[in-house]
Amino acid sequence: MKNTLILVAIMWAISLSGAYAQAESTPPSTERMQAMKVAFITDKIKLTTQQSQSFWPIYNEYQTEQKSIQLALRTPKGMNQMSDQDLENFILNKLDNEAKLVDLKRTYIKRFQEVISIRQIVRLEMAEREFNREVVERLLDIRKRRGRN
């Protein structure tokens, strides 16, 4: 357990130091961002090595499915030019997709419970929000450094 925590702490420190160095000039690449997210979440929800091996494939599957549903939730461009019937269809479709998202979360909570504790699942949601908040803050910081407000 101690070795796992030490390994996670080292991975986290390396990814953060690289992120800070890179934040000086450009946003991190998608792969680097994903590695940072894995290290961050692993640390925050205190995954063991064994849990990590089972958890991350399920989580990645969940993220893929979640993103596809969330894409359908986006408000279409040119909304002002849409007919009332098209807008009504959009709203109904959006409600259906929100329901799909809730069902997806229920399904994956059950799958996560096979690998991690309910306490870790609750921490997962908090860790995701915290990571996203930090990413936004860093990107805003990069933007400020470049002189764009």
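A short reminder: the numbers here are calculations on the coordinates, not readings from a lab. Worth saying up front: this structure is predicted, and the values here are computed from it rather than measured. Here the Cβ positions follow ideal geometry from the backbone for every residue, glycine too, while neighbour counts run over all protein chains shown.
Yes or no, residue by residue, for (1) surrounded by 15 or more Cβ atoms within 10 Å (Cβ to Cβ); (2) closer than 30 Å to LEU92 by Cβ; (3) touching a residue at least 40 places away in the same chain (Cβ under 8 Å); (4) among the β-branched types (Val, Ile, Thr):
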residue: LYS37; (1), (2), (3), (4): yes, no, yes, no
residue: ILE41; (1), (2), (3), (4): yes, no, yes, yes
residue: LEU47; (1), (2), (3), (4): yes, no, yes, no
residue: GLN53; (1), (2), (3), (4): no, no, no, no
residue: ILE58; (1), (2), (3), (4): yes, no, yes, yes
residue: TYR62; (1), (2), (3), (4): yes, yes, yes, no
residue: LYS67; (1), (2), (3), (4): no, yes, no, no
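Count of the range 103-121 residues, restricted to those that are in a helix (DSSP H, G or I) and surrounded by fewer than 12 Cβ atoms within 10 Å (Cβ to Cβ), is 5.
Against the condition out of contact with any strand residue (DSSP E or B) (no Cβ under 6 Å at 6 or more places or on another chain), within 30 Å of SER29 (Cβ to Cβ) and not small (Gly, Ala, Ser), how does PHE90 come out, does it pass? No; evaluated as a whole, the condition is false for this residue.
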